[in-house]
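S.K.: Would you mind keeping the following structure in view while I ask a few things?
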Amino acid sequence: MNDHIADKVVIITGASSGIGEATARLLASKGAKVVLGARREDKLKQAVDEIEKNGGQAVYQTLDVTQQSDNDNIVKLAKETFGRIDVVFLNAGLMPNSPLSALKTEDWHRMVDVNIKGVLNGVAAVLPTFTEQRSGHVITTSSVAGLKAYPGGAVYGGTKWFVRDFMEVLRMESAMEGTNIRTATIYPAAINTELLNTISHNDTAQGMGKTYEQYGISPDRIADVVAYAINQPKDTTINEFTVGPANQPW
Ligand code: NJP
């Protein structure tokens, strides 16, 4: 039963690969109207073409989540194309892990800009619409790194820890204000996507590559969870999901 997914208008950031792309395809196959955003236009166009070929409804817009105006524009596109917005899946992110002693300060700041400020910009863009509608669903991709610290992941984990805190307060405040904005935060473990390509520290890239070879699972598993969260009746929020391989020892 997908009663609560069909016809919903869903904005997805980071939709050009990995988790975001898999989620766009799955939701479109269940009748949602999806709005894809990321920086790589060729990949977005390809995903939208395939969704349409399979009978789904989708549009895309190039988007850099660090730019507030890009976030505002994708909200505008969703409303102009489909008339409303029901869900925003703030999923864009990067994970250039490294030991702090390597002083990869550019990577640190890029993670703050994309993983933290990108979420802030996305919420700022959509909140007035959700408040006015008195309904909406904000879904974010945090990480198991937002729940457990590990060497090499100080800044990445910090950005994902932020997402957890932010989403919990968003949920509480919208309940207090009676705006019916639901939230769901996903905490993936090792998912086989393009994420490891963002690591610029060679030893870290090699080590994480081995971990993912052993434990990585498909981004389709995260898409399933996003669909599950959206497919709840209006009065129900399912807040936090940890999703990983069955054989993970951590
Ligand atoms: O990785 P990948 P995932 N503006 O690299 C986009 C979290 N996570 O699917 O802009 C807009 O295939 C980028 O698009 P492009 C992770 O932290 C993952 O795994 O065209 N978009 C691409 O579509 C992240 O938050 C794992 O380069 C920007 C997407 O982000 C989320 O899952 C584990 C952007 C990244 O897709 C999706 O990542 C975990 C920008 N400035 C959490 N910068 C895992 N894979 O194991 C990047 O715990 N993007």
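The values are calculated or read from the model by the stated rules, or taken from the named source; none is laboratory data. The structure presented is a predicted model; accordingly, all values stated were derived computationally and were not measured. Because the Cβ atoms are built from the backbone with ideal geometry, glycine has one as well, and the counts that use them run over all protein chains shown. Each accessible area value is taken on the protein alone, full model and side chains, heavy atoms only, with ligands, DNA and RNA left out. Shrake-Rupley method; radii C 1.70, N 1.55, O 1.52, S 1.80 Å.
S.K.: So if we plug the beta-carbon distance of GLU132 and LYS76 into 1/(1 + (r/R0)^6) with R0 = 22 Å, what FRET efficiency do we get, rounded to 0.05?
M.R.: Calculated transfer efficiency: 0.95.
S.K.: For region 153-250, which trypsin sites (Lys or Arg not before Pro) are in a loop by DSSP, counting at most 13 other Cβ atoms within 10 Å?
M.R.: LYS234
S.K.: Defining a contact as two alpha carbons under 8 Å apart and six or more residues distant in sequence, what relative contact order in percent does region 101-211 show?
M.R.: The value is 29 percent.
S.K.: Moving on. So how much slack lies between ALA175 and ARG110, counting 0.36 nm per residue of separation and subtracting their Cα-Cα distance, in nm?
M.R.: Result for the pair: 20.2 nm of gain on full extension.
S.K.: Take the alpha carbon atoms of region 100-164, find their center, do the same for region 1-62, and report the distance between the two centers in whole angstrom.
M.R.: What the calculation gives is 22 Å, centre to centre.
S.K.: Got the relative contact order for the chain handy, in percent, Cα pairs under 8 Å and 6 or more residues apart?
M.R.: Relative CO of the chain lands at 20 percent.
S.K.: Please report, in whole Å, how far the alpha carbons of the chain spread along each principal axis, starting with the longest.
M.R.: If we take the Cα atoms of the chain, the spans are 49, 43, 36 Å.
S.K.: Roughly how tilted is helix 220-230, in degrees to the nearest 10 and between 0 and 90, from the longest Cα axis of the chain?
M.R.: Taking the Cα atoms of the chain, the angle to 220-230 is about 40 degrees.
S.K.: Right, here's the next one. Could you check how much of the accessible area of the chain is carbon and sulfur, as a whole percent, using a 1.4 Å probe?
M.R.: 50 percent
S.K.: Also: Can you pull out the chymotrypsin sites (Phe, Trp or Tyr not before Pro) in region 63-158 that DSSP calls coil and that have at most 13 other Cβ atoms within 10 Å?
M.R.: none
S.K.: Looking at region 29-63, which trypsin sites (Lys or Arg not before Pro) are DSSP coil and have at most 13 other C-beta atoms within 10 Å of their C-beta?
M.R.: Answer in residue order: ARG40.
S.K.: For region 72-176, what does the equivalent ellipsoid look like in terms of its semi-axes, each the square root of 5 times an eigenvalue of the Cα gyration tensor, given largest first in whole Å?
M.R.: Equivalent ellipsoid of region 72-176: 30, 15, 9 Å, largest first.
S.K.: So how far apart, in nm, are the two label points at ASN197 and ASP49 if each is 7 Å from Cα heading toward Cβ?
M.R.: In this crude spin-label approximation the distance works out to 1.8 nm.
S.K.: Let me ask something else. Would you work out the relative contact order for region 11-99, in percent, from Cα pairs under 8 angstrom that are 6 or more residues apart?
M.R.: Answer for region 11-99 is 33 percent.
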